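Here the structure is laid out as C-alpha cells; the discussion comes afterwards.
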Amino acid sequence: MAREVSESCVDSLLTEIVSSYCTRFYANKPELAARRIEAIGYQVGHQLCERYTMERPRFTDHLEAIKFLCKDFWSELFKKQIDNLKTNHRGTFVLQDNKFRWLSRVSADPSAETSSAAQDTTSMLLYFPCGIIRGALSTLGIPCAVSADISNLPACSFVIRIKV
C-alpha cells in the first residue's frame, strides 16, 4: 500500500519553506535562499527517484529517462503526466505542465497585486520543483541544469539542459 500525503499539507510545507528561507534565514541574500530551496528539492527528487526506480531496469539513453520523468515520476507526484515534451535532440528538453498544481493558487489576474515581491515569491516557489527534477535526473545518472518559466499562470515550463 502506497503512502500518500495530503496535497494541502505539501502546499503548506512548500509555502513555509519558501517563506522561512526568504524572510528569516536569508532575508538579505535571495540567491542563497534560492540555492537552499533548490537543494532541498534536489534531495527530495533524489530520494523519490530511488524509490520509484528500485525495481526498474536502467535507462539506456537520456530520452528514455526524460520520458520516465514526464510520465511515471510526474504522475506519482502530481497525479497527472506532463502535458508536453519538446527537445532539440542536443541535450535540451522542455517539459510543459499546463496546470502546475503548486502554482494553482498564485494569482494570474493582471489587476491583482503584481508587485516584485509577489513575483519573487512565485519564482522562489519554482526552485523547489527544479531541484526535484535535477535530483531525480542525477539519480538516473544524468547531470543537468533545470530552470523554470512562468509566462501564463498556472502553466509552467521546465527547461532541462543536460551537461556534457
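Enumerate the helices (runs of 4 or more DSSP H) found wholly within segment 1-69, keeping only those where 2 or more residues are within 19 Å of Ser147 (Cβ to Cβ), in contact with a strand residue (DSSP E or B) (Cβ under 9 Å, 6 or more places away or on another chain) and not charged (D, E, K, R).
Passing ranges, in order: 62-68.
Name the single residue, out of those in segment 117-164 being closer than 14 Å to His62 by Cα and among the hydroxyl-bearing types (Ser, Thr, Tyr), that is surrounded by the most Cβ atoms within 10 Å (Cβ to Cβ).
Among them, the one singled out is Thr139.
Please find, within segment 86-103, the residue that is least open to solvent (accessible area, probe 1.4 Å) out of those that are assigned to a loop (DSSP other than H, G, I, E, B) and of a type in the set (S, T, N, Q).
Out of the qualifying residues, it is Asn88.
Which ones in segment 144-155 are modelled with pLDDT under 95 and either in a loop (DSSP other than H, G, I, E, B) or farther than 11 Å from Val94 by Cβ (or both)?
Once the filter is applied, which keeps residues that are modelled with pLDDT under 95 and either in a loop (DSSP other than H, G, I, E, B) or farther than 11 Å from Val94 by Cβ (or both), segment 144-155 yields Ile150, Ser151, Asn152, Leu153, Pro154, Ala155.
Being within 12 Å of Leu140 (Cα to Cα) and open to solvent by 50 Å² or more (accessible area, probe 1.4 Å): is that true of Tyr52 here?
On the way: within 12 Å of Leu140 (Cα to Cα): yes; open to solvent by 50 Å² or more (accessible area, probe 1.4 Å): yes.
Yes, satisfied.
Among the residues of segment 75-85, write down those that are open to solvent by less than 70 Å² (accessible area, probe 1.4 Å) and modelled with pLDDT of 95 or more. Lay out the reasoning, then the answer.
In the first step, residues of segment 75-85 are kept if they are open to solvent by less than 70 Å² (accessible area, probe 1.4 Å); the result is 75, 77-78, 80, 82, 84-85.
Those that are open to solvent by less than 70 Å² (accessible area, probe 1.4 Å) and modelled with pLDDT of 95 or more: Ile82, Asn84, Leu85.
The values are calculated or read from the model by the stated rules, or taken from the named source; none is laboratory data. These numbers come from a predicted model, not from an experiment. Quick reminder, even Gly has a Cβ in these numbers, built from the backbone with ideal geometry, and neighbours come from all protein chains shown. We work out accessible area using only protein heavy atoms, side chains counted, and drop any ligands, DNA or RNA first. Shrake-Rupley method; radii C 1.70, N 1.55, O 1.52, S 1.80 Å.
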